[in-house]
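Below is one structure; the comments refer to it alone.
The values are calculated or read from the model by the stated rules, or taken from the named source; none is laboratory data. In this text the structure is predicted, and so the values were computed from the model without any measurement. Note: ideal-geometry Cβ built from the backbone for every residue, glycine included; neighbour counts use all protein chains shown. To get the accessible areas, we keep the full protein, side chains included, count just its heavy atoms, and leave off ligands, DNA and RNA. Shrake-Rupley method; radii C 1.70, N 1.55, O 1.52, S 1.80 Å.
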Amino acid sequence: MFLSVFDVFKIGIGPSSSHTMGPMSAANRFLDLILSSDWPRPANAAVASIKSSLHGSLAFTGVGHGTGRAVILGLMGERPDQVDPDRMDEIIETVERTGRITPPGHPAYEFQPKTDLVFDKKVPLPGHANGMSFSAFDKDGRLLLKRVYYSIGGGFVVTDTELEAMKASKTKPGGVKVPYPFATAKQMLEMAARSGLSIAQMKRANEECSMSREELDEGLDRIWAAMKSCIDRGLTGGGILPGGLKVRRRAAMIHDKLQDEWRSNKVNPLLANDWLSVYAMAVNEENAAGGRVVTSPTNGAAGVVPATIRYYLHFHDDADHHGIRDYLLTAAAIGGIIKFNASISGAEVGCQGEVGSASAMAAAGLAAVMGGTPEQIENAAEIALEHHLGMTCDPIAGLVQVPCIERNALGAVKAVTAASLAIKGDGQHFVPLDACIETMRQTGVDMHDKYKETSTGGLAVNVVEC
């Protein structure tokens, strides 16, 4: 099993990797299919209009997550990692005003968002909670082409056929032949012991099977640059977050107070936690505003990893860019194991799969740059994940705001605590990471759907919207 670091950490727009990045990519794939020869096109038939329907979690929380906007942007040919956030409103307004989509390389297609983009809450699709369909019609309204896609978390999109094949072969996205193909934490530790390499070194060797060292380092630096930029934007942004809950952005205000304390040398026993929290909140406020973030491993959990890296740079004297690269490689190794054996999707397993996975990845990355052994790193990841088990995904009004923003802050704090506890031990511990991951998977299977991103249970129904 091999999942690239660039599959775990993807640059895209908020507020959700499953609800925005995934549907945008699905729309891109459908456009590519229309131009291809991979479907039985009737003689002299030409696509004149396109329709799309969203199902399951995408239907229930799609308005709050901006899924409809993401579909429109994707059908206009915009890519998650390339779209200009400052132009998104203009693009959406053009489609709504003209009733047409004009993707590059295509003729114009009819697409009326109010009627051709359906949030179908009644009919779930069988493969996954995040299902959607795209259909193409000729000028007489005859169906020419239809495809079902599933957004399976972290920005990954598969067709219904690809999903069935994955389930049958028990594989996940990836498949490059690598020297250290660990699919479990146990295998990872065994390979580390035999090779004498760190987790980051094994991960690097795997990545360099498909790219040069220079390309890998440039990519890792690009990921951190995007994370850092997101933190910096979040620390200066103000006002009210979109969506109707009237949630006020707080990161900039908290940051100003922390700066004042820092300059005055005022004693603050919670200083590290405060900085961790504000960094994480900055990212997730930016995510909630629809800004550019990095899946870590999802948008809803995008603040945990960047916050702990910024903490590492802030509080560790020996921190440098080499350490950041090792951190990201180690975190990606843990994220890949979790995704392969369980899930990182809130729609599948609740928030334990999003913030819980992010906290485990962050704890592992931090333990690595603190000099941890592979055993201590695995222990750190297990501690962090174990104490997120059972966490539901119940965003109020379907918005990635409450409790998501603060939840990232607490996930970062838990990650640092887990890394610290693990480093102070010898790596021996009672619960293996693999057992913890399997427990998360089983818990997700047993969890009622209303607690898995649909916003039909938990805080979403017990807090009165103002």
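Look at VAL294 and say whether it is surrounded by 24 or more Cβ atoms within 10 Å (Cβ to Cβ) and either in contact with a Phe, Trp or Tyr (Cβ under 7 Å, 6 or more places away or on another chain) or not charged (D, E, K, R) (or both). Against the criterion (surrounded by 24 or more Cβ atoms within 10 Å (Cβ to Cβ) and either in contact with a Phe, Trp or Tyr (Cβ under 7 Å, 6 or more places away or on another chain) or not charged (D, E, K, R) (or both)), VAL294 qualifies. Residue pairs whose Cβ atoms lie under 8 Å apart, separated by 6 or more positions or on different chains, with the first residue in region 367-396 and of a type in the set (Ser, Thr, Tyr) and the second in a loop (DSSP other than H, G, I, E, B) and surrounded by 24 or more Cβ atoms within 10 Å (Cβ to Cβ), are THR392/GLY350.
In region 304-325 there is no residue matching the filter, namely being at pLDDT below 95 and in contact with a Cys (Cβ under 7 Å, 6 or more places away or on another chain). Can you name the residue in region 420-436 that is part of a loop (DSSP other than H, G, I, E, B) and small (Gly, Ala, Ser) and, of all such residues, is farthest from the chain's Cα centre (by Cα)? In this case the residue turns out to be GLY425. Within region 27-39, residues that are in contact (Cβ under 8 Å) with a residue 60 or more places away in the chain reach partners that are basic (Lys, Arg) and open to solvent by 30 Å² or more (accessible area, probe 1.4 Å) with beta carbons closer than 7 Å, at six or more positions or on different chains, in the pairs PHE30/ARG147; LEU33/ARG147. Pairs meeting the criteria (first residue in region 195-212 and assigned to a helix (DSSP H, G or I), second residue charged (D, E, K, R) and modelled with pLDDT of 95 or more, beta carbons under 8 Å, at least 6 apart or on different chains) are ALA200/ARG325; ALA200/ASP326; ARG204/ARG213.
One line per residue, one yes/no per condition, for (1) open to solvent by less than 10 Å² (accessible area, probe 1.4 Å); (2) at pLDDT below 95; (3) within 18 Å of GLY155 (Cβ to Cβ):
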{"residue": "GLN352", "(1), (2), (3)": "yes, no, no"}
{"residue": "VAL355", "(1), (2), (3)": "yes, no, yes"}
{"residue": "SER359", "(1), (2), (3)": "yes, no, no"}
{"residue": "ALA364", "(1), (2), (3)": "yes, no, no"}
{"residue": "ALA368", "(1), (2), (3)": "no, no, no"}
{"residue": "THR373", "(1), (2), (3)": "no, no, no"}
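Looking across THR417, THR439, one residue alone is assigned to a helix (DSSP H, G or I), of a type outside the set (A, V, I, L, M, F, W, C) and more than 25 Å from ASP274 (Cβ to Cβ). It is THR439. Among the residues of region 225-266, those that are assigned to a helix (DSSP H, G or I), of a type in the set (A, V, I, L, M, F, W, C) and under 22 Å from the mean Cα position of the chain (by Cα) comprise ALA225, ALA226, MET227, CYS230, ILE231, ALA251. For region 113-166, a residue qualifies if it is acidic (Asp, Glu) and open to solvent by less than 20 Å² (accessible area, probe 1.4 Å), and the qualifying residues are ASP116, ASP138. For residues in region 61-103 being in contact (Cβ under 8 Å) with a residue 60 or more places away in the chain and in contact with a Leu (Cβ under 7 Å, 6 or more places away or on another chain), which is nearest to ASP116 (Cα to Cα)? The residue in question is VAL71. In region 421-446, the residues that are within 19 Å of GLU190 (Cβ to Cβ) form Cβ pairs under 8 Å with partners that are open to solvent by 60 Å² or more (accessible area, probe 1.4 Å) and in a helix (DSSP H, G or I), at six or more places apart or across chains, as follows: ASP426/GLU375; GLY427/GLU375; GLN428/GLU375; VAL431/GLU386; PRO432/LYS186; ASP434/LYS186; CYS436/GLU386. Considering only residues in region 48-76 that are buried (at least 19 other Cβ atoms within 10 Å of the Cβ) and assigned to a loop (DSSP other than H, G, I, E, B), the one that is modelled with the lowest pLDDT turns out to be GLY66. Within region 418-429, the residues that satisfy the criterion of being open to solvent by less than 70 Å² (accessible area, probe 1.4 Å) and either touching an Asp or Glu at 6+ places or on another chain (Cβ under 7 Å) or of a type in the set (S, T, N, Q) (or both) are SER420, GLY427, HIS429. Every test in (1) surrounded by 24 or more Cβ atoms within 10 Å (Cβ to Cβ); (2) in contact (Cβ under 8 Å) with a residue 40 or more places away in the chain; (3) in a helix (DSSP H, G or I) is passed by VAL400 save one, and that test is (3). The set of residues in region 1-45 that are modelled with pLDDT under 95, touching a strand residue (DSSP E or B) at 6+ places or on another chain (Cβ under 9 Å), aliphatic (A, V, I, L, M) and surrounded by fewer than 20 Cβ atoms within 10 Å (Cβ to Cβ) contains only ALA45.
Being farther than 30 Å from HIS65 by Cα and either of a type in the set (Ser, Thr, Tyr) or open to solvent by 60 Å² or more (accessible area, probe 1.4 Å) (or both) is the filter here, so list the residues in region 430-466 that pass it.
Applying the first criterion (farther than 30 Å from HIS65 by Cα) to region 430-466 yields 430-435.
Across region 430-466, the qualifying residues are PHE430, PRO432.
When residues of region 87-104 are filtered for being out of contact with any helix residue (DSSP H, G or I) (no Cβ under 7 Å at 6 or more places or on another chain), open to solvent by 20 Å² or more (accessible area, probe 1.4 Å) and at pLDDT 95 or above, how many remain? So the answer is 8.
Annotation note: Cβ proximity below 7 Å between a residue of region 246-266 that is open to solvent by 70 Å² or more (accessible area, probe 1.4 Å) and a residue that is at pLDDT below 95 (sequence gap 6+ or interchain) occurs for LYS246/CYS466. Annotation note: of ARG222, ARG204, the sole residue that is open to solvent by 10 Å² or more (accessible area, probe 1.4 Å) and under 26 Å from VAL278 (Cα atoms) is ARG222.
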